[in-house]
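Here the structure comes first, spelled out in structure tokens, and everything after it is commentary.
The values are calculated or read from the model by the stated rules, or taken from the named source; none is laboratory data. Since the model is a prediction, treat every value here as computed from it, not as a measurement. Note: ideal-geometry Cβ built from the backbone for every residue, glycine included; neighbour counts use all protein chains shown. Quick note on the areas: whole protein, heavy atoms, side chains included, nothing else; ligands and nucleic acids left out. Shrake-Rupley method; radii C 1.70, N 1.55, O 1.52, S 1.80 Å.
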Amino acid sequence: MKAVVYTRYGPPDVLRLTDVQTPVPKDDEVLVQVHAVSLNATDWEVLRGKPLYSRIMGPFRPRHHILGSDIAGRVEAAGRNATRFGPGQDVFADIFSYMGGFAEYVCVPETALAPKPGGMTYEEAAALPQAGAIALQGIQDKGQVQPGQKVLINGAGGGSGMYAIQLAKLNGAEVTGVDNAEKLEFMRSLGADHVIDYTRDDFTRNGRTYDLILDLAAHRPAFAYKGSLMPGGRYLYVGGSVATLLQVLLIGPVIGRAEGKKIRLLAVRQGAQHLAPIVDLCQAGKLATVIDRRYRLNEVPEALRYLGEGHAKGKVVVIPE
Ligand SMILES: NC(=O)c1ccc[n+]([C@@H]2O[C@H](COP(=O)([O-])OP(=O)(O)OC[C@H]3O[C@@H](n4cnc5c(N)ncnc54)[C@H](OP(=O)(O)O)[C@@H]3O)[C@@H](O)[C@H]2O)c1
């Protein structure tokens, strides 16, 4: 089968489209023919080995040689003990712990799979797992957004932000989206009431305060967020610099405690099987999936560069066949 392979951290040029052995499912796995795989910031991070936390599975060389984690496709074969899914079934999954989606076929433990939701295309299903989980848990489960609240989403023009803006609006919030100038109109089109170009304005210095800050691109000292939270407000770190992450973990719990402010890490629970509420909203037509661009397998380096250089508005999808 064809796959996009790399053996050392680096820019997209280290990726090669090559022929590799089609994997054979272990007892608890199924073999999936990949019909669509969506890109996430995590692919870009694990490609380059930056930030440092992306090397957790392989400090010097990548542990997995084929990237790609959010897949949708059709089961081709099942291992001896895999009984929930059989050949011909359409499925989707977040396989971040295993990777391998930038290929024609991938073996997946069947516990990581969920049936592809009815009425959704492969592309839409592949767009959902990681970005949908971040939005669902950041806005609803941990963010607990209530009608009338003020929500700021930093890095809102990418994949997770696309769902997070819409979900916050559905929950009745007043939403501010922050991203680069290229994405301001896109964030408005998703429902953002206010938009900020982070290359011109620093939202932590404009005097405005929020009930929830969902930070998909955290690069400030943890203390900087305290002044932008209302009393009782919460800040959730999703992704960004290691320095900010360490500060959030070490001193976040004490910053602003007297005013009931919470500064915390959102450790996202992964897995397509946790996505039922957001799948329902997509199927009901209340939540839109915007696919910015589609690429072929041989164009994965270009696709990752497009995402990594910050041009993607919504999701970028690779169609292997
Ligand atoms: N906590 C967890 O358990 C967990 C799990 C999975 C993923 N993650 C993290 O979740 C994050 C979000 O992923 P995603 O897929 O939504 O990424 P994405 O599609 O790349 O979107 C991130 C957006 O942030 C923007 N951005 C970059 N620097 C910024 C800044 N300083 N201020 C404001 N916006 C900025 C980017 O645009 P430009 O680059 O053009 O400016 C981009 O539009 C990633 O960092 C990933 O590592 C966390």
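See the values below:
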| item | result |
| --- | --- |
| Matching residues in segment 24-60 - criterion: being away from the ligand (no atom under 12 Å from the Cβ) and within 13 Å of the chain's Cα centre (by Cα) | Val37 |
| Any hit, segment 70-78, residues being open to solvent by less than 10 Å² (accessible area, probe 1.4 Å), under 17 Å from Val4 (Cβ atoms) and without any contact (Cβ under 8 Å) to a residue 60 or more places away in the chain | yes |
| Qualifying position, being in contact with a strand residue (DSSP E or B) (Cβ under 9 Å, 6 or more places away or on another chain) and either charged (D, E, K, R) or under 16 Å from Ser160 (Cβ atoms) (or both), among Arg269, Arg205, Arg305, Arg264 | Arg264 |
| So Gly88, is it at positive phi, within 14 Å of the ligand (Cβ to nearest atom) and not hydrophobic (A, V, I, L, M, F, W, C) | no |
| Any hit, segment 184-191, residues being at pLDDT below 95 and either surrounded by fewer than 22 Cβ atoms within 10 Å (Cβ to Cβ) or under 16 Å from the mean Cα position of the chain (by Cα) (or both) | no |
| Filtered residue count, segment 146-157, keeping only those that are open to solvent by 50 Å² or more (accessible area, probe 1.4 Å) and either on the phi > 0 side of the Ramachandran plot or among the polar types (S, T, N, Q) (or both) | 2 |
| Which numbered condition Arg264 fails, given (1) under 21 Å from the mean Cα position of the chain (by Cα); (2) more than 20 Å from Ala156 (Cβ to Cβ); (3) charged (D, E, K, R) | (2) |
| Of all residues making up segment 117-135, the number that are part of a loop (DSSP other than H, G, I, E, B) and buried (at least 24 other Cβ atoms within 10 Å of the Cβ) | 1 |
| Residue satisfying condition, being over 19 Å from Val317 (Cα atoms), acidic (Asp, Glu), free of Cβ contacts under 8 Å to residues at least 40 places away in the same chain and surrounded by fewer than 16 Cβ atoms within 10 Å (Cβ to Cβ), within set Asp27, Asp19 | Asp19 |
| Among the candidates Gly161, Gly138, Gly233, Gly143, residue that is closer than 22 Å to Arg264 by Cβ, open to solvent by less than 30 Å² (accessible area, probe 1.4 Å) and assigned to a strand (DSSP E or B) | Gly233 |
| Helices (runs of 4 or more DSSP H) contained entirely in segment 237-321, each with at least 1 residues that are among the basic types (Lys, Arg) and within 16 Å of the ligand (Cβ to nearest atom) | 300-308 |
| Some residue of segment 91-112 being in a loop (DSSP other than H, G, I, E, B) and more than 30 Å from Ser54 (Cα to Cα) | no |
| Residues located in segment 24-69, provided they are among the polar types (S, T, N, Q) and part of a helix (DSSP H, G or I) | Thr42, Ser54 |
| Among the candidates Ala168, Ala222, Ala164, residue that is in contact with a Ser or Thr (Cβ under 9 Å, 6 or more places away or on another chain) and not β-branched (Val, Ile, Thr) | Ala222 |
